[in-house]
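Chemist: Structure incoming, see below.
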Amino acid sequence: MTNKLLELLNALGRDAALAAEYESNPDAVLARYGLSDEEKAAMKSCDCAAVGRLCGTGESFYANNTTIKAYDNKNDDY
């Protein structure tokens with residue numbers, strides 16, 4: 001059985017269009033991924049401890065509520 005919440009978090013980090021949709025309409029994205037009410041509430045409240053627990057990765061897996069984006073943008077100066 002896959003963990004839908006962990007699947008969503010991974011998708012948000014690699015899919016710019018999904019991340020933009022989540023920022024503008026989180027309810028639609030959360031519903032589409034079939035998350036439980038508890039998972040939806042944890043995501044919407046940015047409860048990192050609950051998200052980590054619900055993912056089965058432990059509370060320390062998510063240190064903050066910042067999404068790390070791995071999009072390829074050739075215009076970025078590093």
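Chemist: What's the total number of residues in segment 3-16 that are surrounded by fewer than 16 Cβ atoms within 10 Å (Cβ to Cβ) and touching a Lys or Arg at 6+ places or on another chain (Cβ under 9 Å)?
Modeler: Of the residues in segment 3-16, 3 are surrounded by fewer than 16 Cβ atoms within 10 Å (Cβ to Cβ) and touching a Lys or Arg at 6+ places or on another chain (Cβ under 9 Å).
Chemist: Out of the residues in segment 31-47 that are more than 11 Å from the chain's Cα centre (by Cα) and either β-branched (V, I, T) or over 13 Å from L8 (Cα atoms) (or both), which is modelled with the lowest pLDDT?
Modeler: Ranking the candidates gives D47 first.
Chemist: To continue, here is another question. Scan (1) part of a helix (DSSP H, G or I); (2) surrounded by 11 or more Cβ atoms within 10 Å (Cβ to Cβ); (3) at pLDDT below 85 for the single condition A19 breaks and write down its number.
Modeler: Every listed condition holds for A19 apart from (3).
Chemist: Another one. Working only within segment 29-39, note down all residues that are in a helix (DSSP H, G or I) and touching a helix residue (DSSP H, G or I) at 6+ places or on another chain (Cβ under 7 Å).
Modeler: V29, L30, E38, E39
Chemist: Would you mind telling me which numbered condition in (1) on the phi < 0 side of the Ramachandran plot; (2) modelled with pLDDT under 85 G56 fails?
Modeler: Condition (1) is where G56 drops out.
The values are calculated or read from the model by the stated rules, or taken from the named source; none is laboratory data. Predicted model only: the values in this text are computed from it and were never measured. A quick note on method: Cβ atoms are made from the backbone with ideal geometry, for glycine too, and the neighbour counts reach across all protein chains shown.
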